[in-house]
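Q: Quick one: the structure is below, and I'll ask about it shortly.
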């Protein structure tokens, strides 16, 4: 059988492709628009493997998605495709509405048409049955809004209160997915995760940016007082959770995925500095923490996110394997061992290569 993964050259998507291809013989069709955060270098391990079919394209391209669905007859579609950086959404929200809202709508319509046609399929392939097909939509805890220090963590029944253009666009896409299930019967699953970290993370988010800037001798920017709290989830734990939801989740249900690792941003940065001091000491003997610089806080910066992940543990038996301490050490080790990857994704040469080979 085959699954279609959208956004599979990005951070979480590429880690999920690694997870799938490393766990089974099932083929993966990988549709990605290769924006700045999509990188085929993330998938170099599978170059030449016939189980990995890469297609450059947009989830909003209905004709292309229709073609891929009919050609490959996937048993599931997993939607990672999204614009995902809050800062970018503040300065340019239009792309977020186009991809995360309009793009998800077009993808849902293509998938609905495919799903409805499964029972009448007359191709030479053996298609999945309608009852076994799944559409899994990957979303974020940011749709729930912000918590105070004393509020309980987000549960799946928490009302949506998005505060940034990014989180509003993801909330809208979550609502569309829910509506396509309740109106049309499409067998959907939705996951809302906490902050991910790990290999192949484009260095604009906090953890990879701090590692990259620290090694480059640049300032380590801390928004405001640095006491914004996030729940940190190692990306490979996230991938195992998504696979678990795909396998055993109940259509129409939402599952929160968290790491049970609430940390203030400043603590995260100090931990990275301490580990780098051990693993790659500065030549002058000073701590990387001397590079910490406080900057003006982000507009509308949510104070705290925290995921209650008891439902997925109770109903599906999933728990994260990594603590923050084990996961962050693995992450730093990966970046130290893959300096060429970082240099590549932050250079203009990679974009030129994409344009030359994929237009």
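Q: In nm, to one decimal, how far is the modelled label at residue 102 from the one at residue 336, with both set 7 Å along Cα→Cβ?
A: 4.6
Q: So between residue 326 and residue 248, what do we pick up on full extension, going 0.36 nm a residue minus the alpha carbon distance?
A: Extending this stretch completely gives an extra 25.3 nm.
Q: What percent antiparallel are the DSSP beta bridges of the stretch 2-351, to the nearest 5?
A: 10
Q: Starting from a Cα-only point model with no solvent, please compute log10 I(q)/I(0) by Debye for the stretch 2-351 at q = 0.08, 0.09, 0.13 1/Å.
A: -0.38, -0.48, -1.02
Q: Also, quick follow-up: Extending each Cα 7 Å along its Cβ direction at residue 344 and residue 218, get the distance between those two points in nm, one decimal.
A: The answer from the label model is 2.0 nm.
Q: Sticking with this one: Using the beta-carbon distance between residue 45 and residue 225 and R0 = 56 Å, what value does 1/(1 + (r/R0)^6) give for FRET efficiency, to the nearest 0.05?
A: 0.85
Q: Rounded, prolate or oblate: which fits the stretch 1-80, taking a ≥ b ≥ c as square roots of the Cα gyration tensor eigenvalues, rounded meaning a/c under 1.5, else prolate when a/b beats b/c?
A: Oblate, because a/c is 1.5 or more while a/b does not exceed b/c.
Q: Between residue 184 and residue 314, what is the FRET efficiency for a Förster distance of 41 Å, r being their Cβ-Cβ separation, to the nearest 0.05?
A: 0.90
Q: Can you tell me the relative contact order of the chain? Whole percent, Cα pairs under 8 Å, sequence separation 6 or more.
A: The value is 17 percent.
Q: If you don't mind, there's one more thing I want to ask. Quick check on the chain: helices-only [θ] at 222 nm, where DSSP H runs of length 4 and up contribute -39,500 (n - 2.57) each and the sum goes over total residues. Nearest 500, please.
A: So the helix-based figure for the chain works out to -12500 deg cm²/dmol.
Q: Continuing with this model, one more query. What order do you get for 255, 294 when you list them from fewest to most C-beta neighbours inside 10 Å?
A: 294, 255
Only the coordinates and a few stated rules stand behind these numbers; no lab work does. Quick caveat, the model's predicted, so the values are computed rather than measured. Every residue, glycine among them, receives a Cβ derived from its backbone with ideal geometry; neighbour counts consider all protein chains shown.
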